């Protein structure tokens, strides 16, 4: 007779959930054993739950379907929360399976007993359920998968008590079809078309699925026909870009610079995006970044048909046959000399192969990445959607599992790398085609900048030590070697380019540790807050030039 775990495994595979990123414990052993009964399920072991959850996020971004995570009780779920937060903010479909004590064991309040549902609701507000019986388990699973896959995508959490898993009489359940998204209604389209026809300056702010090729091309037709500006959210879940695709300007991270981009816009049209707000609150500064003079319209919410909505707007404006502007093919030259963050980004743009996937968690060190790769061969860009660092390395694992024939480049800051460094071991174990570039500037550089921006008192030795990663300086090349990944450390542009060429020509995972100074340090960092405060008093042409130089 089939037990609950075996029936659950069959239900998952029948619903096209074919990868499980796992970090199991005692309560999950029957699920682990059931893996041997289902050849359609790939199991990928992570040494830390944050790697498993971040990998499921990266996988779903590229596969457009959920993977499962297998986590051990509330503590295991808690260890994976940061990257589930990123997945939630990115509207990414993920199915969490969290083991729990047997139902009859809960009353004894054993050492690992916790309120798993309360923990899960932080990152999985739309679907949290504890399976109550073996007989109903697979129906619960089918509903969880359908919830995860419902537009725009979400984290769904199914809690699996051990006795429900080992109980006999499990019956697999057929997959449930999620509802089909509908496009914007005629009244919405007509109102937005009228705003565009007004001749006032208009911009589309796009996020989510609006940054995929079909929607990008539809938006570019609108831009070519009606002069609408195309903007992307600051941290897109997945953005298709490069030569042959429409160029789109991302909103800057620094609120002062994002305000420069928005300041003269009269109509802001949201397409699978929310109105922009500052990442953090700052004394004396606005949190809501849309100017008071700008009217905000929503063409398509995240749960609607994004491309269909854009096509309807094009039809209303007569833009369906417009010729979209596409990014020309171009690459920066080969970098030379002493290594800097900008030269690393230049090397990536110079050498990036066709159809690559870039995972960007370089923080301040990757500020020049967008401009250096704008005309590079077509690629996908994954970014830090929720701001919880430690996403990049696990995302790269998941992307490589989802797309084994595509090269993955992960650009990662030294501080953020240490949150989920265990991902390197999984890359080695699975022989994933990932080239990791670690920016080692021995600093939480972005926090040094924020220390100035938030108006904190003059920092002394103790305060500065909390943002400094020297003493000792981390050695990522040696850590990589210790986890089975080929690793090298470089400090010249020539050696960086050679290391990248080698990594891209050889199968399996590679790590390149680039020893660089901080991108914004010394005089640059000291004058940055003063310059940002001065922006509102400067002519718009000057502020836009400064923005382009700081965050192109």
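The values are calculated or read from the model by the stated rules, or taken from the named source; none is laboratory data. Please read all numbers here as calculations on a predicted model, not as lab measurements. Quick reminder, even Gly has a Cβ in these numbers, built from the backbone with ideal geometry, and neighbours come from all protein chains shown.
When 125, 93 are screened for being in contact with a strand residue (DSSP E or B) (Cβ under 9 Å, 6 or more places away or on another chain), within 30 Å of residue 383 (Cβ to Cβ), at pLDDT 95 or above and surrounded by fewer than 19 Cβ atoms within 10 Å (Cβ to Cβ), only 125 passes.
Considering only residues of segment 488-518 that are touching a strand residue (DSSP E or B) at 6+ places or on another chain (Cβ under 6 Å) and assigned to a helix (DSSP H, G or I), which is nearest to residue 347 (Cα to Cα)? For segment 488-518, the residue satisfying everything is 496.
Every condition in (1) in a loop (DSSP other than H, G, I, E, B); (2) at pLDDT 95 or above holds for residue 180 except the one numbered (2). Among the residues of this structure, residue 74 does not count as one that is buried (at least 24 other Cβ atoms within 10 Å of the Cβ), touching a residue at least 24 places away in the same chain (Cβ under 8 Å) and not assigned by TED's automatic domain parsing to the domain that holds residue 418.
In segment 141-153, the residue that is farthest from residue 304 (Cα to Cα) out of those that are in contact with a helix residue (DSSP H, G or I) (Cβ under 8 Å, 6 or more places away or on another chain) and surrounded by fewer than 24 Cβ atoms within 10 Å (Cβ to Cβ) is 142.
A single entry from 5, 43 fulfils the requirement of being more than 19 Å from the chain's Cα centre (by Cα), closer than 22 Å to residue 100 by Cβ and without any contact (Cβ under 8 Å) to a residue 60 or more places away in the chain: 43.
Within segment 154-168, is even one residue within 24 Å of residue 26 (Cα to Cα) and either free of Cβ contacts under 8 Å to residues at least 24 places away in the same chain or part of a loop (DSSP other than H, G, I, E, B) (or both)? Yes; the residues of segment 154-168 include at least one that is within 24 Å of residue 26 (Cα to Cα) and either free of Cβ contacts under 8 Å to residues at least 24 places away in the same chain or part of a loop (DSSP other than H, G, I, E, B) (or both). Assess whether residue 220 counts as being in the same structural domain as residue 312 (by TED's automatic domain parsing), on the phi < 0 side of the Ramachandran plot and in contact with a helix residue (DSSP H, G or I) (Cβ under 7 Å, 6 or more places away or on another chain). In short, no. Take segment 194-208 and flag every residue that is crowded, with 20+ Cβ neighbours inside 10 Å and either assigned to a loop (DSSP other than H, G, I, E, B) or over 30 Å from the mean Cα position of the chain (by Cα) (or both). Selection gives 196, 207.
In this structure, is residue 157 touching a strand residue (DSSP E or B) at 6+ places or on another chain (Cβ under 7 Å) and modelled with pLDDT of 95 or more? It is true that residue 157 is touching a strand residue (DSSP E or B) at 6+ places or on another chain (Cβ under 7 Å) and modelled with pLDDT of 95 or more. Just one of the listed residues (411, 424) is under 26 Å from residue 240 (Cβ atoms) and crowded, with 23+ Cβ neighbours inside 10 Å, namely 411. Tell me, yes or no, whether segment 188-205 has at least one residue that is within 30 Å of residue 398 (Cα to Cα) and either touching a strand residue (DSSP E or B) at 6+ places or on another chain (Cβ under 7 Å) or at pLDDT below 95 (or both). The answer is yes; a qualifying residue exists.
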